[in-house]
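These notes concern the structure reproduced below.
The values are calculated or read from the model by the stated rules, or taken from the named source; none is laboratory data. This one's a predicted model, so the numbers in the text were calculated from it and none came from an experiment. Every residue, glycine as well, gets a Cβ built from its backbone with ideal geometry; the counts of neighbours run over all protein chains shown. Please note that ligands, DNA and RNA were not included when accessible areas were found on the heavy atoms of the full protein model with its side chains. Shrake-Rupley method; radii C 1.70, N 1.55, O 1.52, S 1.80 Å.
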Amino acid sequence: MALARPLLRSFQYRVPPGLADRARPGVRVRVPFGRRRETGILEELETAPDAGGARIRDVLDVLDPEPVLHPALLDLCRWVARYYVAPPGLVYRAALPPGMLGGRRAGGGPLHRQVIRLVHDLPTLREREEAFGRARRQREAFETLETLGGRAEVAHLERRLGFTRSVLAGLAEKGLATIADEPVERDPFAGPGLPVVTPGPIEPNPDQVGVLERLTARMDGPRPGTVVLRGITGSGKTEVYLRLMRRALDAGRSAMLLVPEIALTPQTVQRVRAAFGDRVAVLHSGLSDGERHDAWEALRAGRRRVAVGTRSAVFAPLRDLGVIVVDEEHDGSYKQSETPRYHARAVAVVRARAEGALCVLGSATPSLESWALARAGKWELETLPRRATPHALPGVELVDLRAEEGPAPRIFSERLHAALAARLERGEQAILLLNRRGHSTWVACPDCGRVETCRSCNVSLTWHRRRGRLVCHHCGFEVEHRETCRNCGSEALRFQGFGTEQVERRLGELFPAARIARMDVDTTSGKWSHGRILETVRRGEVDVLLGTQMIAKGLDLPGITLVGVIDADVGLNLPDFRSAERTFQLLAQVAGRAGRGPVPGEVLVQTSRPDHFALRAARGHDYVAFADREMEDRAGPGYPPHLRLANLVVSGGPEEAVADAAEALADRIERWIADDAPEGGTGAAAGADAAAGAGGTSGATAAAGLELVGPAPCPIDRLRGRWRWHALLKSPDPARLGRLLRALAADPPVPSGLRLEIDRDPEQLL
Ligand code: ADP
Ligand code: ZN
Ligand code: ZN
C-alpha cells in the first residue's frame, strides 16, 4: 500500500473479511495513518498467517469497484518510482487524473461524475428559515445552486466552493435536491477558435509507403521494439502516425499519441480527431479536472481507444496497446520538472516494451540520446528525407550581426528589414522568432552600478513596459518600474537586451501599416488563445506573427514565406550541455514553418556567431552533420549520450548550510563509490535500470566508472528564495548509478530544513 506522500516506502495493512472481495492490486483504499485517514493505492496482496504481535491496522474501505491502475500500469508506475528514485505514491498520483489520489483534495470519492440538482423551490423567506433553521451552510449551498442555475457538479461544489459532502447530502435528505450520476462527456475541442481541418484523401508517397510497410510489420510481429522516425519538417510524419494508429484500431488494439504541448499543436490534435472522431480522448493539463476525468474514464472503460495528450498521458489507462507515438520526441517538455521527475519518452519506451506495443519516436531533429541508440542498432531507424508536398525546404541565410554598424545591438539588420518590407509589399506573411519576452532584459544604473534583480532568484528582472513592471521570469516576482535608480536616485537608467515586447514596438514604428500579432506567455493566457491567434494568421488577418519558441512548433501555415530569427544566440550562450542541441532544434523547427505553400520560403537567422557549427548545420538543413559534431563535443568531458547523468540539488538556506550539506553529500558519495563492489548490478535493481531505453549507449560494463563532479553552486544559484548547490553524477553504468541514488534517497545525508532533489537523466542543469 502506498500513500500519496513523499515517502519512499510502502505500508502494510490487513484487509478485513468484509472488504476481501473488492481488495485487488490497483484499487484505491482508505486507511488509518497516524491519527489521520489517508487514501492510497493497494499495490500487493499477500496471504500471510497473522504475524501476531506486529500491530497491523485494518483497511477502512475500498474505494473502487475495479482497479484504477490495471496490472500493467501498476508495474509501469513501480518502474518509474524505482528508476527515478521517486516516492511510489507520488507516481501513482501523477498517473491518475487530478484529485483521485489527494493533491487537490484529500481522500477519494467515487469515480463517476455526480451532479446535484435543485428539485424544490423555497420562494419565501419564511420557508427558507423553516427549512434550514441554523443549518447555515446548507442554506448557502442551496442559494449557491440557485445562482448556478439549479445544477452543479458535486466535485465543483466540494473542491472549488468548499461545501462538504454532508452539507450536500443534507439538501438531498430534505428533498430539496437530488444527487445523481451523469454520463455527459464534455468535448474541449468543440470550443471556439480552433482551426477546422477538412482532410482531403492523401495517397502516401513512396517514402511513406516504405516506412509504413516496415512499421506495420513490426507492430504486428512478436517484439515490435522502438523506432526512431527522423523526417524533415513537412515530410508527412503525422500521416504515418495516423495510418499506424488506424491499423492498430483495425486490429482491435488501442493507440497513443504523445505531443509536447497541446495548446501549441492544435493542428495535430485536430488531424487526429478528424481521423478518429469520437474514438479519441484528449488528455492534457489545460483541461479542467472534470474534463480530464471524463477523458480518462472513457479510456479506462474502453469506450475510447485512442489517447492523445501531453507528458502524463503516457499513463493513460489503455489496454491492448498497439502503438505509442511520441511526436517531437526531442522536446524538453517530456521531462517533468518536479517529483516524480520522469521522462515521458523513456516511460513510453518501457511501457511499449512491457505491453508488446510498437514505440515510434518521431522528430525532424531527434534527441542525441535516441539518435545514438538508433545508430548503435539498439533501436530501428527510419527516415523521411523529403517534403511530402512539392514545396522544397526554404533556404537559410545567416546574417552576421557584427557587420551591422552602431554601438547598440540592432534588432533588425538591413537584410531582415528589406526582406520584411518586401513581404509586406507583396501581401505575404512572415514569422519572427525571439526566444525572450518582455521589453528589456536588463535595467542597470550607470552611476552606482545597481542592476535590478529578483529578491528571491539570482537573475535580472525584465522590464515589461506595457504593464509598467519589472518581472522575474523564473519565479514570477513583480515590482513596479521606477524612472529613477532605487539605490542612488540617478535618472540615467540604462535598458539593455530586448525581448518580444520591444521588437513588437520597433516593428510598429518601422512598418506602421503592418498587422502584427505577438504570441508569448504574456499574450496567451487563455486556454485556447494560441489557437485563436493562429486562426487569425491562417485567415490572412495578420502580416507578421512574432513570438517566442511557441511559434516554432507544428504550424502548417501556407501563407508564410519569410521566417526571421531575431537573435539566434539567446540559447547558445546558456551554460548548459544541451544549449547547442536546443538551438539547432529550434532553428530547424522554425525554419520548417517557411514555404509550405506555393511561394518558396526564405529564412534569415541573425547571429553574432555565424561560425558556430549548430548554426552552420541549421543553414544546411543538415541534422547528421550537427549530430556527428555534437556527439564528439560530448565525449570529453563526458555527457549523454556517452554516459548517464544524475543531478543532485541541495537547496534551502542559509547559504553556508547549503554549501556544507552539499560537501557532506559529496563525501558520502565518494565513500559509497569506494566501498561499492563494481561487479554488482544483478537482480531487480539492474533490471529496472537497464530497462530505461533512453540515454546511455554503452550498457552496463563491468567495473564501469562513476564520476562525481562538484559540488558547486548551480548556474542559477538562488531560485525562489532558496540557495542551490549541486553535485553531478556521471556513469556509463545505469545499474550502478541507480544503486547509488537509491542508497542516497533511503538515507538522505542532508539536515532537515534543507531539500535534496534527485534528477535522473536531467534535461538541463541550470
Ligand atoms: P510532418 O508531420 O512531418 O511535419 P505532415 O504530416 O504534417 O508532416 O505533412 C506536411 C504536409 O504535407 C501536410 O499538409 C500534409 O497534409 C501533406 N502531406 C503529407 N503526406 C502527403 C502525401 N503523401 N501527399 C501529399 N501531401 C501530403
Ligand atoms: Zn544608481
Ligand atoms: Zn525570481
Gain in span if fully extended, GLU757 to LEU7, counting 0.36 nm per residue against the direct Cα distance
268.6 nm
Got a number for carbon plus sulfur as a percent of the chain's accessible area, 1.4 Å probe?
49 percent
If each of ASN205 and VAL521 carries a label point 7 Å out from its Cα toward its Cβ, how far apart are those two points in nm?
3.8 nm
Please give, to one decimal in nm, the separation of the simple spin-label points placed at GLU130 and TRP672, each 7 Å out from Cα toward the Cβ.
7.2 nm
Under 23 Å from the Cα of LYS174 - lysines, other chains or at least 8 residues apart
none
Would you mind computing Rg(Cα) / (2.2 N^0.38 Å) for the chain, counting N as its residues?
1.02
Under a point-charge model restricted to the Cβ atoms of Lys and Arg (+1) and Asp and Glu (-1), what is the dipole moment magnitude of the chain relative to its Cα centre, in debye to the nearest 20?
1420 debye
Which entries in the list LYS553/LYS730; LYS378/LYS553; LYS335/LYS730 go over 21 Å, if you measure between the two C-alpha atoms of each?
LYS553/LYS730; LYS378/LYS553
Heavy-atom accessible area of TYR83 with all protein chains present, probe 1.4 Å, nearest 10 Å²?
0 Å²
Accessible-area order for ASP633, ASP675, ASP520, ASP320, largest to smallest, probe 1.4 angstrom, reads ASP675, ASP320, ASP633, ASP520
With charges only on Cβ, +1 for K and R and -1 for D and E, what is the dipole size of the stretch 536-670 about its Cα centre, in debye, rounded to 20?
840 debye
Relative contact order of the chain, pairs being alpha-carbon contacts under 8 Å that are 6 or more residues apart, as %:
11 percent
Euclidean distance between Cα centres, the stretch 360-410 to the stretch 417-476, Å
26 Å
Based on the mean of other beta carbon atoms within 10 Å per residue, what is the order of 500-509, 302-311, most packed first?
302-311, 500-509
Counting only protein chains, not ligands or nucleic acids, how are SER752, SER731, SER10 ordered by accessible area (probe 1.4 Å), most first?
SER752, SER10, SER731
Kindly state, to the nearest 0.05, the FRET efficiency for ASP628 paired with ALA217, given R0 = 30 Å and r defined as their beta-carbon distance.
0.50
Label-zone membership for the stretch 246-272, site LEU766, 7 angstrom Cα→C-beta point, backbone N under 19 Å
261
Give me the accessible area of TRP725, 1.4 Å probe, in Å² rounded to the nearest 10.
40 Å²
May I ask which residue of ALA580, GLY356, PHE498 lies farthest towards the positive end of the charge dipole of the chain, with charges of +1 (Lys, Arg) and -1 (Asp, Glu) on Cβ and the Cα centre as origin?
GLY356
TYR241 accessible area, 1.4 Å probe, all protein chains in place, Å² to nearest 10
0 Å²
Excluding ARG247 itself, calculate the net charge of residues whose Cβ lies under 15 Å from the Cβ of ARG247, where each Lys or Arg counts +1 and each Asp or Glu counts -1.
+2
With charges set only on the Cβ (+1 for Lys and Arg, -1 for Asp and Glu), what does the dipole of the stretch 367-407 come to about its Cα centre, in debye to the nearest 20?
320 debye
Extension gain, ALA169 back to ALA743 (0.36 nm per residue minus Cα-Cα distance, nm)
201.8 nm
By the rule of no other cysteine beta carbon under 4.7 Å, the lone cysteines of the chain are CYS77, CYS359, CYS475, CYS714
Per-residue ellipticity at 222 nm attributable to helices in the chain (runs of n ≥ 4 DSSP H, -39500 (n - 2.57) apiece, nearest 500 deg cm²/dmol) works out to -9500 deg cm²/dmol
Gain in length, ARG410 to GLU480, computed as 0.36 nm per residue apart minus the alpha-carbon separation, to one decimal in nm?
22.5 nm
Per residue, how many Å² of accessible area does the chain show with a 1.4 Å probe?
43 Å²
So if R0 is 60 Å, what FRET efficiency would ARG426 and THR47 give, r being the distance between their Cβ atoms, rounded to the nearest 0.05?
0.15
Farthest toward the dipole's positive end in the chain, which of ILE179, THR548, ALA661, given Cβ charges of +1 (Lys, Arg) and -1 (Asp, Glu) about the Cα centre?
ILE179
Sites GLU655 and ILE179 - FRET efficiency at Förster radius 41 Å, r taken between beta-carbons, to 0.05:
0.15
